[in-house]
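Structure first, then comments.
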């Protein structure tokens, strides 16, 4: 087991290097520091001097890969690649355009992101499984048919509308909850309820429908027929056998997104003014802050790969038939 | 090509060219499928599903509008010479020409749906005295003399529109019934009985209801839009119905062209990885794990920023605003395609791994059939249903993604009509007092209809093509 995890971890390194090289190519080779400077300074202030000054301020005045003017190992270390791309492997993200340390920002903003994303994930999972089980219990009836139609209808509504409608009706019209904002501790609960509620409702359509197909696939299997032949009631078959076996694909599918919860949701956080990583990213995209976008790309990829490794481990844990080699 | 004799200059945008190519490809595919019974069978099963047929009809309305909106041209300026014509900088489409006044009838600012007055009070000179009141619209309801005439007029126009729609649909139904009765050698009454009891070999009742509803809606819109702004006007006074209709093309382009980009990557790399295994498999798996691990929105953001820089530093390549917006739309499709081929590729890889061990593939290899031939004759036809299901399932997700990306600011060009841009603009309108809700409402209605129809159609296609679903009740 340990050797397997170790090998998976080693396998993650080339992938992270690939991500790093790709972002380096996108942000520095295709889009040169000169281009970035021009975009940031705006059309009016573009002079060679201003571009040079901007590059010095952001540390982009060095050669990309090889510094011929330096001596010894500094030839490789005193370059944009080493300072801005390779440094991310030790989570050195440098500073954003606002002069703040990106690493610090990430640490302080992870909390608020998790405060929204984790409840949405957990409650959403429970609600979706409940709905899916209900539909499976009433399968091949009109209740099931209309349940599926309702799921498709819910799926067809853009996430933006859920947020806009929720904010408009619940906060603006009926004044039940604050429209946006965030606070720490127990006081912050009233800010969290609405985004979590909307996040859960927005996910029901696709989630419940997907879990329904998983459960239906299980219900056609031999062990279910055996359980029924034994004389077990339909409720017992559903909860003791189908639910348990159906949980394997559901949980392992959920594990991969677990680490990504740290990243938060771009749209939800920006609509509700939550100071998490999602709104940080969206602000960076809109302000064209390349350092922050680059850091978030690396962080996102890192968390995704962690998720992949956790998925592999959880497979073997949930299903002993899966052998790790 | 010398087009001086035309009184317009045809403009072929990049996305137009690709859409027309796609259309040609679909037509060839339809022709091919019609000639092969085993390919026709699942489609016949799609055509027998009421839900799938109904949504296909709704989709086809969107597709027709989108196609008409993809034939672009520039008008010749009236004062230009015959041998050296000058053309307007505005790129129009056949659709623009068809809706005519809807595009040009611009008000001053916001007005409510079906209103005859602006939404905000202004100072108006009346008998030499400045009065603060709601000014009349220039076009919306301008034929009315008094506000009390508005409601009766709207009712009258609606009823005429609905009645005309119903009449056309009854006429069509009569013709269809006559043709079908002749073909099946039933009497008119017998066919009608079969239709009424739902015993035809196609979902006749659903089709009739949907067509009637669509025609009645069309009649209603045509009659009301002739004299009013049916969905009101936006901040600069542009008709919201027109903007919503123009947005259809953007949504369709993103939903279809993105898939067109993903297909060669997903099919080529997915099958190659599964069929050849070994180091080819390792390399392809590595590439798609790397691409997959980068958060999609961020990769798209980075790519869109790069395109923006490129367009700004090469202004001479893009002579009109439409071309600039178009290249950004194309770039968006490309980059969304590059980020989204991995799912299908993984699916095809797994399927090819299974197929390559089957007896007939082994036999082909033993006979010395080349790899390309094995892949094209034995592997590809057996994974084609997966490709098709992926195309229709992805479509609605891509249309929805456009709205989110436009909101983030990395979607289509802000000057391009799209539902994402409409939603983005309506955020501030909802914070206004009194609320401006119609732009959001219109975007919601159109987007929801398209995505719902696409989802229901995709379900039908998947049920018909997926062999795993076949045995279940």
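Below is a table of values for the structure above.
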item	result
Qualifying residue in the stretch A:175-182 (condition: in a helix (DSSP H, G or I) and either within 14 Å of chain B (Cβ to nearest Cβ) or in contact with a helix residue (DSSP H, G or I) (Cβ under 7 Å, 6 or more places away or on another chain) (or both))	no
Evaluation of residue B:70 against (1) assigned to a loop (DSSP other than H, G, I, E, B); (2) surrounded by 14 or more Cβ atoms within 10 Å (Cβ to Cβ); (3) at pLDDT below 85 (one fails), failing number	(3)
Residue in the stretch B:298-308 that is more than 14 Å from chain A (Cβ to nearest Cβ) and in contact with a helix residue (DSSP H, G or I) (Cβ under 8 Å, 6 or more places away or on another chain) present	no
Unmet requirement for residue B:432, which otherwise passes all of (1) surrounded by fewer than 23 Cβ atoms within 10 Å (Cβ to Cβ); (2) at pLDDT 90 or above; (3) within 30 Å of residue A:173 (Cβ to Cβ)	(2)
Unmet requirement for residue A:29, which otherwise passes all of (1) away from chain B (no Cβ under 12 Å); (2) within 30 Å of residue B:293 (Cβ to Cβ); (3) over 22 Å from the mean Cα position of the chain (by Cα)	(1)
Breaking point among (1) assigned to a loop (DSSP other than H, G, I, E, B); (2) more than 21 Å from residue B:223 (Cα to Cα), for residue B:125	(1)
Among the candidates A:275, A:320, residue that is over 13 Å from residue A:19 (Cβ atoms) and either free of Cβ contacts under 8 Å to residues at least 60 places away in the same chain or not in a loop (DSSP other than H, G, I, E, B) (or both)	A:320
Residue list for the stretch B:435-473, filter: at pLDDT below 80 and in a helix (DSSP H, G or I)	B:467, B:468, B:469, B:470
Subset of the stretch A:152-163 (residues that are within 7 Å of chain B (Cβ to nearest Cβ), assigned to a helix (DSSP H, G or I) and free of Cβ contacts under 8 Å to residues at least 60 places away in the same chain)	A:152, A:153, A:155, A:161
Some residue of the stretch B:274-281 being more than 27 Å from residue A:24 (Cβ to Cβ) and surrounded by 21 or more Cβ atoms within 10 Å (Cβ to Cβ)	yes
Odd one out for residue B:397, checked against (1) within 15 Å of the chain's Cα centre (by Cα); (2) within 26 Å of residue B:110 (Cβ to Cβ); (3) without any contact (Cβ under 8 Å) to a residue 24 or more places away in the chain	(2)
Every residue from the stretch A:134-151 that is more than 10 Å from chain B (Cβ to nearest Cβ) and buried (at least 20 other Cβ atoms within 10 Å of the Cβ)	A:135, A:136, A:147
Residue B:410 being within 9 Å of chain A (Cβ to nearest Cβ) and part of a helix (DSSP H, G or I)	no
Count - residues of the stretch B:75-98 that are more than 17 Å from the chain's Cα centre (by Cα) and either surrounded by 19 or more Cβ atoms within 10 Å (Cβ to Cβ) or part of a loop (DSSP other than H, G, I, E, B) (or both)	11
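Rundown of residues vs (1) touching a strand residue (DSSP E or B) at 6+ places or on another chain (Cβ under 8 Å); (2) touching a residue at least 12 places away in the same chain (Cβ under 8 Å), yes/no style:
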residue	(1), (2)
A:244	no, no
A:267	no, yes
A:279	no, yes
A:287	no, yes
A:291	yes, yes
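Residue-wise test of (1) within 14 Å of chain A (Cβ to nearest Cβ); (2) under 30 Å from residue A:41 (Cα atoms); (3) surrounded by 19 or more Cβ atoms within 10 Å (Cβ to Cβ); (4) out of contact with any helix residue (DSSP H, G or I) (no Cβ under 8 Å at 6 or more places or on another chain).
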site	(1), (2), (3), (4)
B:316	no, yes, no, yes
B:319	no, yes, no, yes
B:322	no, yes, yes, yes
B:340	no, no, yes, no
B:343	yes, no, no, no
B:368	no, no, no, yes
B:380	no, no, no, no
B:389	yes, no, yes, no
B:406	yes, yes, yes, no
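The values are calculated or read from the model by the stated rules, or taken from the named source; none is laboratory data. Note that the coordinates shown come from a computational prediction; the quantities given were computed from them, not determined experimentally. Positions of Cβ are backbone-derived with ideal geometry, glycine not excepted, and every protein chain shown enters the neighbour counts.
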